[in-house]
Amino acid sequence: MSKLPLLLVAGYFLLTLSWALANPPFAAPDEDDHYIRALGLSTGDIRGRQTTPVVPPGATPDVRAFYTEHPEFWRTVRVPHGLMAAGVTCESLAPEKSAACLDDTRVLTQNRLTTLMAGYEPAPYVLPAAAARLASSPFAGLRLGRLASAITSLLLVALGVLLLWSRALGPLSLTGAVVALTPMAIFSASSLNPSGPEITAGFAFAAALLRLARGDAPRWASAGAAVAGAALALSRSPSPAWILLDVLLFVALVGRAPD
């Protein structure tokens, strides 16, 4: 195999690792809620209990309206002791502050915490949940959770790139990967959330179908499509719609292919 697809995957790996470690803890969108969802899953609390949300101090009018207008999203989940802290969103809720405000956080002692992500599909949180339980502090737990989620996404990226690669077409065969895997896609893969696995699984599944439609697919391409499709289906509740659209695209491509 050429070194080009391996170099491309290595580049995505380094960028993902850099963001996962350099981005301040809980600075990614809704990362505190996703982390609490993972902690709840680590204790076996899959769905949580519905509760009345408490608007955080200093919340903007838009944030305050979201809390009060959508109470059905908020649930409490059982969490391990000592792995979450108060004030972890001090930077994201106050853009004028730096990440130094995280030094003033206080480890929480409650055994139940509130999250609006308790209704999300559990599969993307399984590895982050297991990794976070190995930590002894909230920030270490979040870093380990990010890395565990990133591993899943990077494996799917590698699968998609290898499926798209064609020695006959050369670098041209990887054009779709470069276009699809935008910086925002890689940033999502470096954060603790289900979006990274969903995006990369969608990329890998589409890559598998495109390779199968080309007619020069290796024997393992069908297995790769099955793995990527399963990962996509389990990532988010709307994901089956993406699978259907991809399959329709595949049928259209095969129908146009010469005999």
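With respect to the conditions (1) assigned to a helix (DSSP H, G or I); (2) touching a helix residue (DSSP H, G or I) at 6+ places or on another chain (Cβ under 9 Å), residue 179 falls short on a single one, namely (2). If you take the residues of the range 68-91 that are over 25 Å from residue 23 (Cα atoms), in contact with a Gly (Cβ under 8 Å, 6 or more places away or on another chain) and at pLDDT 85 or above, which of them is surrounded by the fewest Cβ atoms within 10 Å (Cβ to Cβ)? It comes out as 78.
Just the residues that are of a type in the set (A, V, I, L, M, F, W, C), out of contact with any Leu (no Cβ under 9 Å at 6 or more places or on another chain) and either assigned to a loop (DSSP other than H, G, I, E, B) or under 15 Å from residue 199 (Cβ atoms) (or both), please, taken from the range 233-258. Let's see the steps before the verdict.
Residues of the range 233-258 that are of a type in the set (A, V, I, L, M, F, W, C), as a first pass: 233-234, 241-245, 247-254, 257.
When the remaining residues are screened for being out of contact with any Leu (no Cβ under 9 Å at 6 or more places or on another chain), the result is 233-234, 241, 244-245, 248, 251-252, 257.
If the condition is that a residue be of a type in the set (A, V, I, L, M, F, W, C), out of contact with any Leu (no Cβ under 9 Å at 6 or more places or on another chain) and either assigned to a loop (DSSP other than H, G, I, E, B) or under 15 Å from residue 199 (Cβ atoms) (or both), then 233, 234, 241, 245, 257 are the ones that fit.
Selection within the range 146-169: residues that are without any contact (Cβ under 8 Å) to a residue 60 or more places away in the chain and over 19 Å from residue 220 (Cα atoms). The member of this set that is surrounded by the most Cβ atoms within 10 Å (Cβ to Cβ) is 149. You will find that of 123, 65, 129, 135, the residue that is over 22 Å from the mean Cα position of the chain (by Cα) and either modelled with pLDDT of 90 or more or over 30 Å from residue 174 (Cβ atoms) (or both) is 65 and no other.
Total residues in the range 191-224 satisfying the condition of being touching a residue at least 60 places away in the same chain (Cβ under 8 Å) and either farther than 22 Å from residue 17 by Cβ or surrounded by fewer than 20 Cβ atoms within 10 Å (Cβ to Cβ) (or both): the figure is 1.
The values are calculated or read from the model by the stated rules, or taken from the named source; none is laboratory data. Predicted model, so just to flag it, every value in this text is computed and none were measured. Positions of Cβ are generated from backbone atoms using ideal geometry, with glycine treated the same way; all protein chains shown enter the neighbour counts.
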